[in-house]
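J.: My structure is below; once you've seen it, I'll send some questions.
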Amino acid sequence: MGTYSSDDDMPLARPNGSLSIGNWLIAASILVSSSKKSRAEDIASDKSGPKKGSGMAGLSIRNGPVENGEMDLDSPSTNGSKRKSRVSIAQINYKDESESDGEPLAKRQRSKKIRESDSDDEPMVKARGNKLPPSHKETALPESSSDEQPLGVKLAKKKADIEKKAEKDIKVIRAKEAKAKAKAKATPKKAVKNESDDDLPLASSNKKRQSNGSAAKRKSTGLKKEESDSDAPISKKSKPPAAAAKGKKATPAKDTKDSKKGKSKEASEDDEEEFEWWNAPKREDDSIKWQNLEHNGVLFAPEYEPLPKHVKMYYDGQPVTLSLEAEEVATFWVAMMTAASTHHLDNPIFRKNFFADFSDFIKKYGAKDAKGNKIDIKSLERCDFSKMQEYWAAKNEAKKSMTKEEKAAAKAEKDALEAPYLHCTWDGRKQKVGNFRVEPPSLFRGRGEHPKTGKVKTRVLPEQITINIGKGAKVPTPPAGHKWKAVQHDQKATWLAMWQENINGAYKYVMLGAASDVKGQSDFKKFEKARELKKYIDKIRRDYTKDLKSEIMADRQRATAMYLIDKLALRAGNEKDTENEADTVGCCSLKYEHISLQPPDQVTFDFLGKDSIRYNETARVDPQVFKNLKLFKKPPKTDGDDLFDRLNTSQLNKHLNSYMPGLTAKVFRTYNASHTMSELLKQLGSDPRSRGTIAEKVKLYNDCNRKVAILCNHKRTVGAGHEQQMQKLGDRIKGLRYQKWRTKKMILDVEPTQKKKKGAAYFERDEDLDDEWIKEHQQFLIDEQRTKITKKFEKDNEKLTANKERPMPEKELKERLQAIKELEAKFKKENKTGKVEAEGRGPTVEKLLVAIDKIDERIRVLETQAEDRDGNKEVALSTSKIVSLINTPVGAANTEDANNRPQNYIDPRLTVVFSKKFDVPIEKFFSKTLRDKFRWAIKSVEDAEDWEF
DNA sequence: CTGGGTACTTAGTAATCCTAGC
DNA sequence: GCTAGGATTACTAAGTACCCAG
């Protein structure tokens, strides 16, 4: 309800008015209609180009003043411009209701002059003057009737609370910090686990000094963890002065515990010792990534193996002999026919692009008919790849049915081939390489409505590959007869090899695997940065809340965008090349048509975001945000125009950077996800279930995880697949109940007197088992049996063939299928007479009763399972409600579930701490690879139950 | 700025592995 | 043993961010 309503803004008095209310999440109402649209429709509608209002089109006024009537004749009149384009409309009357509020927007318009100038970034700082916000009452959400509210709303409230708390917490932290600092001045610090280089100059600049968080905390009395960066602990251990820079000398010094083998891990290569960089001193200059780098280059895709002569494509029914090159392209197409997902092949754009490229190959390399005459391939529809496909399928089949030994041999061969590329040596340490394989040629599968989807991604030659390697290292030998495009020794780059792909000219890099030190370090850095944001978030929020009313349009837009990014976890929204990429947006690139406003304070977003995933949600926003959005949509703006015509991601990030070095829009996602998770986990302490079984605890954790996922609208949910599964489960249960009923009837068949004994009711059929359903179910059972028998038959035959025996004739199959006929007849009879003949040998009432018990048991099991899922469904459902059914593309797998959640945003140390604190093995949360990837997190807070985000 | 170029993270989906339940 | 379906991994597309020259 009226959550935010009134307090709106009394401008001066409460500068931040209602802002901190965070409904990160969105409230409820979803536009049913939109959520129902099919994906295709969405896309179609999204497509609708901008309608250009009369002559005024894209005037590029991006941050500049606009005079009325001025029009830029050059600018394109549509925003279909090719490159990264953003078109804004000319003269918009920005006067508006800047600050005010309560009144109807319409009438407000007092013309305040708003300078349109761009210059204004400044205000921020000075904005500061105001009094602090009355922190909470205003932030609190009215509790009221929330009961019925959708999960999202409740979560929103939670988020609001968390935000509030964040503000408070930070004050505490600051106070502590201040104290500590003061103390530090006076006395040297106590030892800290790693010697942080804090005292190092740290360059005045804003070098990113990420606090070395993890360290300090536990020992410090303060406990509250904060990164002490400010002062340098003089660790007890050796101090690593400049050494750090060198990377190599890692410090042996770890404190107490894990000083496993104490030798210093030198750069010496064979040292298998694990390098615990998280215990090593920070380097002051991390732009140099390595001193020495050795690796064996890349593994190329295998050569194309031509099809046997008799396997051909047919055109208009005639066999075609394709040139090798063209044949290979055809196989790319064929390869996609087999997969369960034909959907690409049905996509008209995909077909068109494929065919255009295929034709080119044919033109260039040729295709002949049976007589050897050159032929023209004019249409994809007339191409018949079925023979090729059969061959392909057979080959796959053969592979599958290899014997164990054969499979093992194949694997051994493959391993041997890969072995040299698996690892590299990075400053003397062996590190796993991530994608050492050069991407093989194939058809480009651009997502969403990508204009180039279906085009041929060509084979990459050594001549296109640049190698990055240490100066002293041996340069990998390119395949015989070839050479590398270039070999460089860039110590600031972390990639080992690079090339550009032919479709979009995108760069492809061979980098280290997720479990490597460099990747771990940057992950660590990412989370430390997010933790650091904690210290600034309150001010940032206060400022943008204030700027929501700025008279400077650019500032107001920026503040509004920040609000959305912070509360709704929108992505930054860089500009994109509208012509050669799918048309998707993020915050800064939202367009007029992507939001619609429902007074008094609801905004519905409907756009395609990253990966063309639809974001369709309705959120309740701060009234000022609502007003701003309305203002930003004011005529003459119309479809196709940028909502934030005076803002782009660089400006936004530049502004953010002024608060904290290294702060960018994406940090908000990390911060909000991790921080929220942290708070949720904390609250778990008071939940009795947190003292329950492992399974219960895991579930609790997963629930938190799930909430965060929802809050961030991170991973999407459910989808048709899930629903279907539920359905299936339900049907299985129903089927069992049907069998139970049949079994009961059998009792009557054996001993009619039981009817009296047990009472007629006992033999009644469940109500929902109506005739129609039963018929259907019977059919299902019959079909199931049939396929089973057929399959078995085929299998048996295969075995016989393999043993060189003669296969059974079709007749045998027929005979076996006879059983189906009987089954059919039996059902028919049952349906007619309402009786069921007892099955099995020597059926007795006792035996039947036992059977019934067994069925009951199974029903119970399934029901529990269903309930389990129901719990999930609860979330899933709500999620889908909140998220408003992001349509899952057909056939799309249903991702999101307890496991693969916001893995990229939640600090793994939170999970580790939870695991320790509640005594749940970490394996329950992280799979093997994840444990490897998060080794740093696991080890660094191993004995620090009190580590906090 | 702007636009091109580059490096690196995030994320959907396909392929493969694994396991519970016949 | 076999298989369906969930879990995990592999692959690579699609973002973000930042730098620099004009």
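Every number here is computed from the coordinates shown, using simple stated rules; none is lab data. This structure is a prediction, so every number in the text was calculated from the model and none was measured. In this analysis, Cβ positions are derived from the backbone assuming ideal geometry, glycine residues included, and neighbour counts consider all displayed protein chains.
J.: Which of rounded, prolate or oblate describes segment A:369-505 when judged by the alpha-carbon gyration tensor and an a/c cut-off of 1.5? Walk me through the intermediate numbers first.
T.: Details: a/c = 2.31, a/b = 1.47, b/c = 1.58.
Note, shape of segment A:369-505 comes out oblate.
J.: Over all directions, how big on average is the projection of the convex hull of the alpha-carbon atoms in segment A:499-657, in square nanometres?
T.: Values: hull surface 45.4 nm².
Approximately 11.3 nm², given one-decimal rounding.
J.: Rule-of-thumb check for segment A:542-623: C-alpha Rg over 2.2 N^0.38 Å?
T.: Numbers: Rg = 13.2 Å, N = 82, 2.2 N^0.38 = 11.7 Å.
Output field value: 1.13.
J.: Please list 3J(HN,Hα) in residue order for segment A:642-659, calculated via the Karplus relation 6.51 cos²θ - 1.76 cosθ + 1.60 where θ = phi - 60°; whole Hz, with x for glycine and proline.
T.: For segment A:642-659, the Karplus curve yields 5, 5, 9, 6, 10, 9, 9, 5, 5, 4, 4, 5, 5, 5, 4, 4, 6, 8 Hz.
J.: Next up: Using Cα-only point scatterers and the Debye equation, what is log10 of I(q)/I(0) for segment A:592-692 at each q in 0.13, 0.17, 0.19 Å⁻¹, rounded to two decimals?
T.: Taking Cα atoms of segment A:592-692 as identical point scatterers yields -0.71, -1.03, -1.15.
J.: What ranking, highest mean first, results for peptides A:388-399, A:311-322 when packing means the other Cβ atoms within 10 Å averaged over each residue?
T.: Packing order, densest peptide first, comes out as A:311-322, A:388-399.
J.: Another question about this same structure. Given contacts defined as C-alpha pairs under 8 Å and at least six residues apart, what's the relative contact order of segment A:532-625, whole-number percent?
T.: 19 percent.
J.: Is there a pair in A:758/A:828; A:395/A:854; A:430/A:682; A:432/A:471; A:526/A:697; A:610/A:917 whose C-alpha atoms are over 32 Å apart, and which pairs would that be?
T.: Correct reply: A:395/A:854; A:430/A:682; A:610/A:917.
J.: Could you check the simple spin-label distance between residue A:808 and residue A:839, using points 7 Å along Cα→Cβ, in nm with one decimal?
T.: In this crude label model, residue A:808 to residue A:839 measures out at 2.0 nm.
J.: Also, I was wondering about something else. So what are the ³J(HN,Hα) numbers for segment A:566-576, from phi and the Karplus equation (6.51, -1.76, 1.60; θ = phi - 60°), rounded to whole Hz, Gly and Pro as x?
T.: In residue order, the calculated couplings are 6, 7, 9, 6, 6, 7, 4, x, 5, 6, 9 Hz.
J.: A follow-up question, please. Using θ = phi - 60° and the Karplus curve 6.51 cos²θ - 1.76 cosθ + 1.60, what whole-Hz ³J(HN,Hα) does each residue of segment A:410-425 get, with Gly and Pro shown as x?
T.: Rounded to whole hertz, the list is 4, 5, 4, 5, 4, 4, 4, 5, 7, 2, x, 9, 4, 10, 10, 10.
J.: Rounded to a whole number of µm²/s, how large is the Stokes-Einstein D of segment A:298-347 at 25 °C and 0.890 mPa s, given Rh as the Kirkwood radius over C-alpha pairs?
T.: 195
J.: Once you have the Kirkwood Rh of segment A:506-550 from its Cα pairs, apply Stokes-Einstein at 4 °C and 1.567 mPa s and quote D in µm²/s.
T.: Value of D from the Cα-based Kirkwood radius: 97 µm²/s.
J.: Antiparallel as a % of all DSSP beta bridges within segment A:570-680, to the nearest 5?
T.: Around 100 percent of the beta bridges assigned by DSSP in segment A:570-680 are antiparallel ones.
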